[in-house]
Structures are given as structure tokens and as C-alpha cells.
Amino acid sequence: MKVYDAASIRNVALVGHSGSGKTQLASALLAVSNMVNRFGKVDEGTTVTDYDEEEIARKHTLSATLAYVEWNKQKVNLIDTPGIGNFLSDARAALQVADAALVVVDAVAGVMVQTEKVWAAADELGLPRLVVLNRLDRERASLERALKSLQESCSRTVIPVQLPIGEEKNFKGVVDLITKKAYVFQTDESGKFAEAAIPGEMAGAVDTAREALIEMVAENDEKLMEKFFEAGTLTDEELVAGLRSATLAAKVFPLVCASAAVNVGAQQLLDAIVSYLPSPAERPFKAIDKDGNDATRSADEKSPAAAFVWKTIADPFAGRITMFRVVSGVFKADSNCHNKARDAAERFGHLLLLQGKTQTSVPEIKAGDLGAVAKLKDTLTNDTLGDKSDPLTFPPIKFPEPVLSYAIEPKSRGDEDKISTSMHRLEEEDPSIRYSRDPQTKELLLSGQGQLHIEVTVAKLKRRFGVDVNLKPPRIPYRETIKAATEAHGRHKKQTGGHGQFGDCKIKVEPLPRGTDFEFVDDIFGGSIPRQFIPAVEKGIQETRVRGYLAGYPMVDFRVTVFDGSYHDVDSNELSFKMAGRLAFKDAMTRARPTILEPIMNVEVYTPSDFAGDLMGDLNGRRGRIAGMDTRGAMTIIKAQVPMAEMLTYEQHLTSATGGRGSYHMEYSHYDEVPSHLQTKIITAAKAERGDLEVEEV
Ligand SMILES: Nc1nc2c(ncn2[C@@H]2O[C@H](COP(=O)(O)OP(=O)(O)OP(=O)(O)O)[C@@H](O)[C@H]2O)c(=O)[nH]1
Ligand SMILES: [Mg+2]
């Protein structure tokens, strides 16, 4: 394997809605460039990029995977990413290390909800994009309709640079609008094609589309605009150069046509990637300087070696595999380097290029390329590796906070330790899950982006680490708070022979705005409580508030001020003041009108419009507040705020209500008070599960 330098590399992330054909497309690109011997199929579980057993079983990409193609003396790194909402964080991670995106769109369905999500993520990064209109061989596929949805929902400047030849099952090739050449493919999935004359009946359409392309390019460049007005058109050279610079500036988004399953259009797509997308040498990488300010670093081999870790794989046999982008300099096999985030030395053994799961060892990896290394000690995703003296780091990928928690329990006793070590490995691989122990119930909690995410994580746990667990119904992270301010008094006094115990405090409690958690204020003047005992009062209150008052959930969003008290010269000690704090707190709760809070989610439902009315009725029934509705062609997007407790069974409901055609996404929004009739149920359930909630006395 040749080592490529920055100017000969393209780093592209394949992103888009689940089922648009990203994985199948990656497979076609690998096949036509002879990187693999056979044309892998998603449906047969034989693609390079869906190699994980769980991906093969589910026929969906669940984790970003790297592959590469050599084309026209360039190396094209492809990152195949998941399109399912629960797993979208990996698509975001891939966009952050890529220099461009291939946004794959289903020509039947057009833009779907995850297409919009990844488009917005690419917008944030200012990433150049090619749109690949895929599945053109399918019934009801339509360039016109899909383009309209792209222009409405993504950008007005999505513009075809190809037109499809033939429709639906007769789709057999593409016309390149720039060269005005037609490429007609064999329909045997071989990917073989021949150059041909533009079919006579397409001549008018080709001219119109070419005009539109020329106008779009001219519109985005003042000089070309002048030329265009003078000459009425642009030369081929001006068109190519103008299209390239508008694409690099993420002003114009060329659209190409393909069918990944029938293997039509892959070579022309590779040509477009090489021609219109930037090499790392043309796109300085975002960085952070030693003062924490935004900076950039060019893909220069002579700069200090610096790499950004964008993904970690937990392999039970090979150990940890660290995937990185070499941002600058050159990394060599068998060398030392420094992890800046952890201030730790790391030893690189073999440097690896990844073709799916296949690793090729290389002597060095240069600036701009994507590679991997096995068995680093301390390095995790988002770390920067490189020269110790180089102060630059890279902005971290933001992973979403978990939205749902399930309790898990080992199927066989004694597996708890194994669960814990394996779960921590999986957490390294997927920072959007969290593994913890409920401080109240001592249960093991697995939190993630949704039911499917949790199920896949549990399946990985079993397949990779041989640990089998039962999933218990999800838990709602309720909180408690107070609604009224009040003052309270706690006095702890015991006289048992010798030394007694004496602590006494007066506190004020008052509600704070949502999201402020807890504040403790020391307002003692004149020594009514000696300094050294005030932390003990706070500790007593802290310990009591995390155990909750009504139903055992942590109390938040209030302030406690200790403002008075008394002490005894001999009998006062820390323990006594801690007890006094607890007693005062409990006393306060009898008047502070405690209440229960529940998490409210922002929910977006994407559905064929026929079902929108019923689904809104259903969301209302789930105590949801509809925030808005949008139509996109035949689809409707419903936005609502719904309590998490009502969303636990939503996945099944949506699937059955829409025949599997609806999808939804949710994320945490805020906490709000639970209606009082439901509070009683929560309290009863908590008592039944946890027994007496009384705080044990010392
Ligand atoms: N007819 C037809 N089917 C296709 C085409 N491309 C992909 N498919 C099929 O569509 C299904 C989904 O394809 P994938 O490549 O797995 O889609 P994906 O975008 O990777 O989906 P996720 O991994 O879930 O995000 C598979 O059954 C493919 O065989 C195409 O061009 N035409
Ligand atoms: Mg896929």
C-alpha cells in the first residue's frame, strides 16, 4: 500500500437517512475500483463496512467504519456512518474528521428526517458536500421530486451535474452535464459501462439542466457572473473551475445519480469526488491554540506531528483500536508520542490502514490521512496525540447526553465484575452511552439514546464479551424540589453518660429556577455556630437531599441558607451538627411544599402525512404539547414536548401505527412538575420498590 500525501487524499463521510444505501454505495465504490474481489451486498451480509456481527444481523450500520479506494492516483478515504437516529453521533464524529460529505438520498423517499440532521451538522462545520441520489432503479424513483425536497429542506443550491438515463427498473446510466457525455451500464451489477451518445429524447432536458447548472455556478462567483452576462454562457473550463470553487466553499452542492444495488454510477461518483471535493491540503483543520482560542492547522508534513482521535473500537481480542486523523506532520510505526489530554506517553507499534475490519500495516501515515493504531494505554476518543512541545489540540466531538436509562442485571451471578469491565470498554467505543449504578437502589443502569441503542449495546456485550444480561423496564430519572420558602429548626441533643452530643441550627430554604440544582449559603455571623461545624451542617443537608423526601429521588433547584444556631463547649461535634442539619432539613420539608419533577423530551415525529392527525391525537394522550407541524412533500414533521415517562413505548406504537414508515427522534429538554394525581402513583411505586424511605438515624 502506497503512502499518500495530503494533496492526493480525499476524506469523505457517507451520511444520510437509514436505508438510503450508504453501505451499499461504499461497497460499489470499493468494487469498481478493484479494492475488493467481489461486490459485497448489505442483504447478504458481505459488505466491507458493515462487518460487525450485530450490523450483519440487523442489516444496518451501527458504528462508523473506515474504508479506502485508490482512484486516479488519489486515495479516497470513505467513512460509512449509521443513518438510524439512535446512532447518529457517529455520523457527526465522521463529519468532524472528514473534509467533505457524500449525502446519500433515496430517490423514492427524498429528504428524510436524518438527512436534515446530517445536513445541519455539515452546515455547522461548513463542509463541502456532494449529494448522491441513490436507488434510482426503484419504482417511483424521481429526480425531480427528490431534488425539490432537497432544495426545500436542505439548500436551494443543490444542483444536478448528471441526469439519469432510463427510469425505475430501466435506469441504466448517467449523462454528465459538464462533458455532455453519456455512460450506459450493463445491468448485470458488473459495473461495466460504455460511453454512448446522449439518447435523442433527452437532448432537451440535458440542455435545460446544463443551463441551470451554468447559471447556478455563475450566480456564486462575481467574475463568472460578468462573463456569463457578456457571453451568455461559460466555457467548460470556467464551468469546472467555478463549480469546484463553489463546492469547496459549500455554496453549491452538486448532485450525482446512482444505483448502488445495480452498480450504476460509481465510477462517475469517484471522478466527481476527486474533481470537486477538497484534499486535506486545501482545508485547514480546526484546532485550539494554547490559550484556548480557535485556530487552524494545515495538513503540512513539515509541521509537528499532531493527530486527532475520533473513534475507539473495543475489540475483545485485539484490545483497543484507536482511529485518528493525522492533522499535520508524519506518524511513524514503532515510535513514541505524547497524549496531550492525559499528559501521558504512548507507544505506537504497527500503524494501520483500515479497510473495514481488514488491517494493513504501513511504515508511516502522513498529514491528512486517516489511520489507526492498536493497544494504546490511555488514549480515548477526542484526545490529541503528537509532539509534547506542540501546544495545539483539536475541538472535541460533542456526543449527545443519554435520554433513556434501563436497569440491567446479570443472568448469572458473579458476572457483575465482568459487566463492569466490559461496559467500560463499550463506553470508550460509544461515548453516547453511560453505565452507572443507581445510588438509591444499587441497580446497574445502562443509559443511551433510545431503546434500540440499549438493545444493541446489550447485544454487543453478549457477542463480544460473553456477558448475558436481563434488561428491566426503563427508569425515569425523576427529581424532587420544593415550591415554597420556609424557615426551619433542627436540634440534636443526646446525653448518654460521659460526653453528650449537641448540635443546633436554623435554616431557610427557598426554591430556585429549574436547572440550578442546589446551593448552600453560610450566613452565620457572630459565631452562633463555630466555623468548623458549618461544613457538617451542609453535609447533613446534602446527604438528606440526595435521598429525596417524597419518593426517594434527588432534590434539586433550591437554596439552603444556615443563618443561626447554638452550640455547647463540650458536647458539640461534627456528627451532632450533621444530625442537626438533617433534622432542620426534614422539618423544612413539612412546610416547603415538596413536589416531583419529571424529564420532558423534545420529540420530532416524521411520518407520511396520512397518519399525522392520529399521531398528534396520540401525542396529546401522552400528555404531549404539540409545538408545531411542517409538511415536506408527502411527509409531515410533528414537533412536540412530551414527558419521558409517556415515551417509553413510543417506538412500538409508531411502528404499528404507520406500518413502519414513521420515525422519531427525541432529546432531553427540561424538567417540569408531575401533575399531582400522577405523583401519588410515583410515590406508591417508589415505596413498594424501595421499602421504607426514612433516612436511617445515626
Ligand atoms: N433497489 C435498490 N436497493 C438499494 C440500493 N442501494 C441500497 N439498496 C438496498 O437498500 C437497503 C439499505 O441499504 P444500505 O446500504 O444498508 O443503507 P444504509 O444507508 O447504509 O442504511 P443504514 O446503515 O441503516 O444507515 C439494502 O437492502 C440495500 O440492498 C439501490 O440503489 N437500489
Ligand atoms: Mg449502512
Tell me, what is the FRET efficiency for A7 and K286 to the nearest 0.05, using R0 = 22 angstrom and their Cβ-Cβ distance as r?
0.65
Under unit Cβ charges (Lys, Arg +1; Asp, Glu -1), what dipole magnitude, rounded to 20 debye, does region 289-385 have relative to its Cα centre?
260
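For the ranges 653-665, 568-580, what's the packing order if you count other beta-carbon atoms within 10 Å of each residue, average per peptide, and put the highest first? Please list the in-between numbers first.
Working: 653-665: 16.3, 568-580: 19.5.
In descending order of packing, they fall as 568-580, 653-665.
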From the phi angles alone, apply the Karplus equation (6.51, -1.76, 1.60; θ = phi - 60°) to region 570-577 and give each ³J(HN,Hα) in whole Hz, x where the residue is Gly or Pro.
9, 7, 6, 8, 4, 4, 5, 6
Amide H of I159: which non-local residues (sequence gap of 5 or more, or other chain) have their own amide H closer than 5 Å, using H built in the peptide plane?
F253, L255
Provide the gained length on full extension for the span R437 to N470, in nm with one decimal, where the gain is 0.36 nm per separating residue minus the Cα-Cα distance.
10.3 nm
Hz values of 3J(HN,Hα) by residue in region 40-57 - Karplus curve (6.51, -1.76, 1.60), Gly and Pro given as x
x, 10, 4, 5, 9, x, 10, 7, 6, 8, 9, 9, 4, 4, 5, 5, 5, 5
Working note, region 1-65: Cα radius of gyration (Å, one decimal) and Dmax (Å, whole number) are 12.9, 39
Can you give the FRET efficiency to the nearest 0.05 for M629 and L512, using r as the Cβ-Cβ distance and R₀ = 30 Å?
0.30
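Report relative contact order for the chain in percent, whole number only (criteria: Cα-Cα under 8 Å, sequence separation at least 6).
Working: 1585 pairs, mean separation 66.8, N = 698.
Across the chain, relative contact order equals 10 percent.
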So what is the calculated 222 nm ellipticity per residue for the chain, using -39500 (n - 2.57) for each DSSP H run with n of 4 or more, over all residues, to the nearest 500 deg cm²/dmol?
-8500 deg cm²/dmol
May I ask you to give the solvent-accessible area per residue for the chain, in square angstrom, as obtained with a 1.4 angstrom probe?
43
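Filter the cross-link list K59/K357; K22/K398; K192/K311 down to pairs whose alpha-carbon distance in this structure exceeds 28 Å.
Pairs exceeding the cut-off: K192/K311.
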By how many nm would the segment from D334 to E124 lengthen if fully extended, with 0.36 nm per residue of separation less the alpha-carbon distance?
71.9 nm
Within 10 Å, count the other beta carbons around each residue, average over each peptide in 213-224, 611-622, 298-309, and list them highest first.
298-309, 213-224, 611-622
Report, please, the projected area of the chain averaged over directions, based on the convex hull of its C-alpha atoms, in nm².
37.1
What is the packing order of peptides 232-241, 558-567, taking the mean over residues of other C-beta atoms within 10 Å and listing the highest first?
558-567, 232-241
With +1 assigned to the C-beta of every Lys and Arg and -1 to the C-beta of every Asp and Glu, and no other charges, what is the dipole magnitude of region 176-259 about the Cα centre in debye, to the nearest 20?
200
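Can you give the FRET efficiency to the nearest 0.05 for R342 and T561, using r as the Cβ-Cβ distance and R₀ = 30 Å? Before the final figure, lay out the partial values.
Numbers: r = 40 Å, r/R0 = 1.34.
E(calc), rounded to 0.05, equals 0.15.
Given 25 °C and 0.890 mPa s, how large is the Stokes-Einstein diffusion coefficient of region 49-173 in µm²/s, with Rh as the Kirkwood radius over Cα pairs?
Details: Rh = 15.7 Å.
It diffuses with D of about 156 µm²/s by this estimate.
What fraction of the DSSP beta bridges in region 80-226 is antiparallel, stated in percent and rounded to the nearest 5?
Numbers: 13 of 19 bridges.
In region 80-226, approximately 70 percent of DSSP beta bridges are antiparallel ones.
Can you give the extra length, in nm with one decimal, that the chain gains between E219 and V546 once fully stretched, where that is 0.36 nm per residue apart less the Cα-Cα distance? Spell out each step's value before the answer.
Numbers: separation 327, 0.36 × 327 = 117.72 nm, distance 6.08 nm.
Fully extending the segment from E219 to V546 adds 111.6 nm.
Keeping the other protein chains in place, figure out the carbon and sulfur percent of the accessible area of the chain, with a 1.4 Å probe. Display every interim value, and only then the final one.
Details: 14520 of 29670 Å².
Accessible surface attributable to carbon and sulfur in the chain totals 49 percent.
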A685 and K302 label points (each 7 Å along its Cα→Cβ direction) are spaced in nm at 6.6
Given H placed 1.01 Å from N in the peptide plane, which residues other than close sequence neighbours of V330 have an amide H under 5 Å from its amide H?
A305
Calculate how steeply helix 451-465 sits against the longest principal axis of the alpha-carbon atoms of the chain, using the helix alpha-carbon long axis, and give the answer as 0 to 90 degrees to the nearest 10.
90
Distance in Å, no decimals, from the C-alpha centre of region 632-655 to the one of region 156-227 is 39
Rounded to the nearest 20 debye, what is the charge dipole size of the chain about its Cα centre when +1 sits on each Lys and Arg Cβ and -1 on each Asp and Glu Cβ?
1220
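The values are calculated or read from the model by the stated rules, or taken from the named source; none is laboratory data. Worth saying up front: this structure is predicted, and the values here are computed from it rather than measured. Note that each Cβ is placed from the backbone with ideal geometry, even for glycine, and that neighbours are counted across all protein chains shown. Just the protein is used for accessible areas: all its heavy atoms, side chains included, with ligands, DNA and RNA removed. Shrake-Rupley method; radii C 1.70, N 1.55, O 1.52, S 1.80 Å.
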